[in-house]
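In what follows, a structure is listed as structure tokens, so that the remarks can point back to it.
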Amino acid sequence: MKKILVTGATGFIGNYVIRELIEKNNDGDLTIIASSAHSAKAQNFSWIKNVEYIPLDLKQLDGSKNYFDFFQRPDIMIHLAWEGLPNYKDSFHLEDNLPRHFSFLKNMIENGLRDLSVSGTCLEYGMQEGPLNEELASVPTVPYAIAKNDLRKSIEALSHHHELSFKWIRLFYMFGKGQNPKSLFSQLDQAIANNESSFNMSGGEQVRDYLPVETLAKYIVKISMQKNVTGIINCCSGKPVTIRRLVGDYLQKKNATITLNLGVYSYPDYEPMEFWGANSKLKTILDNE
């Protein structure tokens, strides 16, 4: 029986990844090990009885412990854990998260892990515009993206000394139930629930690449459970859309009538105006499943 470990299981994405794994496990030939730093929170998820939950707070790492054995020697690991989002500009990503997560993943690899998928971010591309493919140079500008990119490079260097199937899943944008309340669509849902007549937002002309979180989770699982396509893999729709159009379509789907107050908020200074993901590597995985 194959074992798969998912860290960050109680996070927004992790919750959906666990649910997707359970749905795929019709034959019962997969042992799903879920982990996070929030044991009490984990008990509130519907999937808790269908997984083996092993809590771990990465802030309490013990360098003398064999974490590969601790997590029952998983065949596959999906590492989604990362603290402190969405504070992209805070230095703790570099000072705390980066060394902590690398130490943990190094421990797993050196003790026997041979199949690892880690979530990255489209912000690793920096201020480059247009369709972004995996061959482009990584030029991150904010601490969060710099830390993620450095983690990727460190694992790549380590993989040269071990037989490791390594997939760096570069996430773009997503939306869905349970997202951070400060996110665009969470705030929009709240406005709809409150029957508000208007909604403040940016000019909405920025072009992005969005996926429903359910689809994102399906892609993460498909990427992680194959070995033919490795390295950096954009996890995205490949379809550019303006935020204004995306919000308008969302309101229409919800049968909600709200006036959009455009231009109230300025555009983020750490993102280019127009960028989306090129997803040929992802399509290869989906076509060959």
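The values are calculated or read from the model by the stated rules, or taken from the named source; none is laboratory data. Just so we're clear, the structure is a prediction, and the values are computed from it rather than from any experiment. With ideal geometry, Cβ positions are generated from the backbone for all residues, glycine too; neighbour counts draw on all protein chains shown.
The single residue among Ser198, Ser237, Ser224, Ser202 that is surrounded by 15 or more Cβ atoms within 10 Å (Cβ to Cβ), in contact with a helix residue (DSSP H, G or I) (Cβ under 9 Å, 6 or more places away or on another chain), among the polar types (S, T, N, Q) and over 26 Å from Asn149 (Cα atoms) turns out to be Ser202. Filtered by the rule that a residue be assigned to a loop (DSSP other than H, G, I, E, B), of a type outside the set (D, E, K, R) and within 27 Å of Ile4 (Cα to Cα), the stretch 201-238 gives Met225, Gln226, Asn228, Val229, Thr230, Cys236, Ser237. Each residue in the stretch 234-272 was checked for being of a type outside the set (Gly, Ala, Ser) and on the phi > 0 side of the Ramachandran plot, and 1 of them qualify.
Pairing each residue of the stretch 171-189 that is under 18 Å from Phe275 (Cα atoms) with any residue that is in a loop (DSSP other than H, G, I, E, B), provided the two are 6+ apart or on different chains, yields C-beta distances under 7 Å for Phe172/Asp209; Phe172/Cys236; Tyr173/Asp209.
Checking every residue in the stretch 63-84 against the condition of being assigned to a helix (DSSP H, G or I) and closer than 19 Å to Lys227 by Cα gives zero matches. State whether one or more residues within the stretch 247-260 are small (Gly, Ala, Ser), closer than 29 Å to Leu164 by Cβ and modelled with pLDDT of 95 or more. Within the stretch 247-260 (the criterion being small (Gly, Ala, Ser), closer than 29 Å to Leu164 by Cβ and modelled with pLDDT of 95 or more), the answer is no, since none of the residues qualifies. If the condition is being in contact with a Phe, Trp or Tyr (Cβ under 9 Å, 6 or more places away or on another chain) and among the polar types (S, T, N, Q), then the stretch 29-87 contributes Ser35, Ser36, Ser39, Gln43, Asn87.
Residue by residue, here is whether (1) in contact (Cβ under 8 Å) with a residue 12 or more places away in the chain; (2) hydrophobic (A, V, I, L, M, F, W, C); (3) closer than 19 Å to Ser165 by Cβ holds:
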| site | (1), (2), (3) |
| --- | --- |
| Pro55 | yes, no, no |
| Leu58 | yes, yes, no |
| His79 | yes, no, yes |
| Met108 | yes, yes, yes |
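Is it fair to say Pro131 is within 23 Å of Pro212 (Cα to Cα) and modelled with pLDDT under 95? No; evaluated as a whole, the condition is false for this residue.
Looking across the stretch 81-124, the residues that are aliphatic (A, V, I, L, M) and in contact with an Asp or Glu (Cβ under 8 Å, 6 or more places away or on another chain) come down to Leu94, Leu98, Leu123. Those residues that are at pLDDT 95 or above and in a loop (DSSP other than H, G, I, E, B), I need them from the stretch 271-289; list them, please. Glu271, Pro272, Met273, Ala278, Asn279 - these are the residues of the stretch 271-289 that are at pLDDT 95 or above and in a loop (DSSP other than H, G, I, E, B). Take Leu21 and decide whether it is under 20 Å from the mean Cα position of the chain (by Cα) and assigned by TED's automatic domain parsing to the domain that holds Gly112. The answer is yes for Leu21.
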